[in-house]
Structure formats: C-alpha cells, structure tokens
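Nothing in this text is a laboratory measurement; each read-out follows from the coordinates by a stated rule. Please read all numbers here as calculations on a predicted model, not as lab measurements. Glycine gets a Cβ as well: all are built from the backbone with ideal geometry, and neighbour counts include every protein chain shown.
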Amino acid sequence: MRSLAFVLLALLTVLTVLLHRGASAAAKPGDLRLSAIASELARRHVTIRCEGLSGALTGVRGESGRTEFIGGKPVSVSYLQEGVCQTLHAYTRALKAGPSCLLPCEQPLEIAWSVNTIAHESYHLAGVRNEAQTQCYALQAIDFVARRLGASPDQARALASFSFDQLPRRMPPEYSSPECHDGGAYDLRPNSAVWP
C-alpha cells in the first residue's frame, strides 16, 4: 500500500512539473516596450508578459497584474491582464496620432488604471511587498510611465493628478496608507514639491 502511494505521489509530481513547463512554454513572450518601462522602475532587467484571452482589465480573481515572490525575493517576470496591455498600447497609438486632449480623450479611467497597474507591478519587481507602499509608489510613477508611453509632460502630469484623485477610492483598503502624501513615509521625492 505504501509503495502504491509513493508511486502515485511520484506520478503527480512529474505531471505537475510537465504541466508547469508546458504552461511556461505556451506563455506569450515578454512585451518589449512595457518590459523596458518596468525595468527602469524596478532598476533591474525584468519582463512584462500579457496574459488572458479577453480584453478585461482585471482577471477572475480581481487582479490586473501579478508578481510572485520566492523566498522573499521577487521573480523577474510580472503578468498583466491582456486588457491592461491592450489599453496601454492603444494609449500610445492615440498619443502618436496627436495630442488633442490633456487627459486621454477616451477612457481616461481605464488608461489611468492600466498605467497604474504596470507601475504597481514594477515596484513589486523592485522588491516592495507591502501593497499600500507599492500602490503609493505606483501613483507617484504614473507621470513617468505616461511619458515613456509618449505623453507630453503636461499630459503626464494631468494623468498623474487624475489617477491620484480617482484610483485610491477604487482600491481595496490594504492598498492605501495615511503615509501616502507629500512628505509622508512613502514619498519617493521627499525633497521635492512635486506630488504625486
């Protein structure tokens, strides 16, 4: 009986490894543009992969992005929902077509959410685990990410202000902190008057 249980456990282990390798092989390659932005924020080479079949901004578990930690350290790959990636690329195309609006002309909240998502996952890739701290850093990076996607400085600042006003109230409580303010513990530029 013990030998049968051992054989079944060994088969289950082999099957799990094969399924994991198959899923990794089937995963989409990294998005070069988004990976470059995330690498700048994480201050190391990282990869952003887009996943999911729909254009949804959030997955079935309510998350827009995912970064795993192993032994307290982040892996080098983050996964964004396909809808987040599509929105970011559409925003870039709209910016290239010509700056007609200070805030995105269409779907400003979806664009703010998507820009925030890549910034948020980038700070996880940098090693920040605390969700409130990560989210506060992400809000402060919206300007940076928007500029890397092609926004003018004025458009990027407008999107950052809009995001800081709109996104925190749409987040779960564990994503906010009273330390997220100009001069607070999570201020990335404490010696600057720029906020967020």
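Would you tally the net charge around Tyr186, using a Cβ to Cβ cut-off of less than 13 Å, leaving Tyr186 out, and scoring K and R as +1, D and E as -1? Write down the numbers at each step before the final one.
Details: positive: Arg189; negative: Glu131, Glu179, Asp182, Asp187.
So the environment of Tyr186 carries a net charge of -3.
Provide the packing ranking of 186-192, 115-121, 149-155, i.e. peptides ordered by the mean count of other C-beta atoms within 10 Å per residue, highest first. Let's see the in-between values first.
Working: 186-192: 13.0, 115-121: 27.9, 149-155: 17.0.
So the order, starting with the most tightly packed, is 115-121, 149-155, 186-192.
Report the net charge of residues surrounding Arg129, where surrounding means a beta-carbon distance below 14 angstrom and charges are Lys +1, Arg +1, Asp -1, Glu -1. Please list the in-between numbers first.
Values: positive: Arg66, Lys73; negative: Glu68, Glu121, Glu131, Glu174.
Neighbourhood net charge equals -2.
I want to check the label-to-label distance for Asp165 and Ala97. Put each point 7 Å from Cα in the C-beta direction and report it in nm to one decimal.
Reported label-point gap for Asp165 and Ala97 is 2.4 nm.
Test of understanding: extend the Cα→C-beta vector of Glu174 to 7 Å, then name every residue of region 125-160 with backbone N under 11 Å from that spot.
130-132
Calculate the spin-label point distance for His181 paired with Glu106, positioning each point 7 Å from the Cα along the beta-carbon direction, and give it in nanometres.
The two pseudo-label positions are separated by 3.9 nm.
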